[in-house]
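Data first, discussion second: the structure below is written as C-alpha cells.
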Amino acid sequence: MRGIRLGLHFNDGSHATLTVQHSHLIVAQERCPDPDVEVAFDDRAMNLVFDLQRRPTTEVLSESLDVRGSQEQTLATWRAFTLLSQRASGLRSVQELWGSYREQVPQLWGASTGAAAADRAGPDSRWRALDFLTGLRPADVPGQQRPALVGGTTVTAPRLLWDGRQTSPWWHEDRISDADLRQTMEICRSRTKDEMQRLMPDREPRAELYDLMRSYPARQGKGLRPTLTIAACAAFGGRPEEAVRAAAALELFHNGFLVHDDIADESTHRRGLPTMHEEHGVGLAVNVGDGLNLLAVDAVLSNLETLGLARTLGLIREALHMCRESVEGQAVELGWIRHGVVPPEDDAYFVMSTKKTGGYTCTSPCRIGAV
C-alpha cells in the first residue's frame, strides 16, 4: 500500500484509519481526515469480507462496499485486503472477533449457533457467503473422483478460505491445520520425481542411456525448484498440478547441467555417490547429459496438450532464457579457471553465480511457475 492512507467506515458508525510503515500496518480507531482511499462497509459487505471469490467490480456497491479513490490506489488497497484476509483468516483472535460479530447480527447468518451449528456445513447453513460458494462448487459425479492436485488436494473451487468457523488453507492436508514448509517441499519434490520417472522413455538402449538418465534425478535434493515453480503457479491463480510437468522439465534441465558440470569441474562425487563420468566414463556421461536436456525440451513441449500454445511458448522462452544464462555463467567461470584469473571485484563473482546458479535455482522456477 506504500504511502496510501486508508479510511474505513462501518455500519455501526465506527471508523478506522490504516497506514503502512515499512512492514507494519498501523491502525488508528479514528476517522481519517483526508484519505487517499475510502471504504465503507455495511452488513452485506461484512457478510462477504472473507469470501474473496468475486471480483472487486461485482463486490463494490454504492452504500454497501463503497470504495472511493484513484484506480491505482484502489486496486493496491484491494490487493492488500485480499492478502490480509487470507492471512488473518487463520488467526484465532480474528476468528473470535468475527464470531462475536456473527453473534451480534444473527439475521445475517440465521439462528443456528453453538456446537451443533459449528459441525454443520452446506446449503442449509444460512450463512450467505458460504451458501453462495457452496452453490458454485462442482457437483459430485457418482463413481468419479474430483481431479487430484499435488499432495492429495482435490478441486473444490471456488476455494473457501474460511467458512465462518474454521480455516481451509490452499494447501490442505487431512488433520493438518497449516502446511509446514519442509513438508510442502517434500510433497512437491515427490510429485515432480514421479512426473520425471513417467517422462523417462521405456526403450532401448537402456543400460547405456535411459537407465543412466534416471540416476541423477533419483539423487534427490531439497526440492526447492519444484516448490518455487508450483507455489508461483498457485500464487498467480493456477492449479498447482498445472505446474508439475514444467517443474519436472526444470529438474531434467538441471540434472543435465550437473552431469556436464561435474565433467568440467572434474568432480568425483555428486550427492554422496560417484559422478556419472567417474562411474561410466566421459563419453557416456556427455551423452546422458545431452539426453536429459533433450527430454527436458520434450517435457516443455508436451504442455501444449494441457496449457495451450500461448503459455507453452512462454515456457519455451523462459527455458531458453534459463539455459542461456546458465551457459554464460559457466563460460565466465571456466574462463577464469583456464586463464588462472581471480576477478578483483566481488560484483564479477555475483554476476557469474547469479547467471550460473541463481537463475535456474530461484529466478527461473518462479518465472516459469508464473507463466
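The values are calculated or read from the model by the stated rules, or taken from the named source; none is laboratory data. These numbers come from a predicted model, not from an experiment. Note that we place each Cβ from the backbone using ideal geometry, even for glycine, and neighbour counts take in every protein chain shown. Surface areas here come from the heavy atoms of the whole protein model, side chains and all, with no ligands, DNA or RNA. Shrake-Rupley method; radii C 1.70, N 1.55, O 1.52, S 1.80 Å.
Summary table
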quantity: Flag if GLY283 is in a helix (DSSP H, G or I) and either closer than 20 Å to PRO365 by Cβ or touching a residue at least 24 places away in the same chain (Cβ under 8 Å) (or both); calculated: no
quantity: Answer from ARG206, ARG239 - the residue that is open to solvent by 10 Å² or more (accessible area, probe 1.4 Å), basic (Lys, Arg) and without any contact (Cβ under 8 Å) to a residue 24 or more places away in the chain; calculated: ARG206
quantity: Count of segment 1-19 residues which are free of Cβ contacts under 8 Å to residues at least 40 places away in the same chain and either in a loop (DSSP other than H, G, I, E, B) or of a type in the set (A, V, I, L, M) (or both); calculated: 10
quantity: Tally, over segment 328-345, of residues that are surrounded by 15 or more Cβ atoms within 10 Å (Cβ to Cβ) and β-branched (Val, Ile, Thr); calculated: 1
quantity: Test result for GLY358, open to solvent by 60 Å² or more (accessible area, probe 1.4 Å), at pLDDT below 95 and over 22 Å from GLY238 (Cα atoms); calculated: no
quantity: Selected residue (only one of HIS269, HIS260 is in contact (Cβ under 8 Å) with a residue 24 or more places away in the chain, of a type outside the set (Gly, Ala, Ser) and open to solvent by 40 Å² or more (accessible area, probe 1.4 Å)); calculated: HIS260
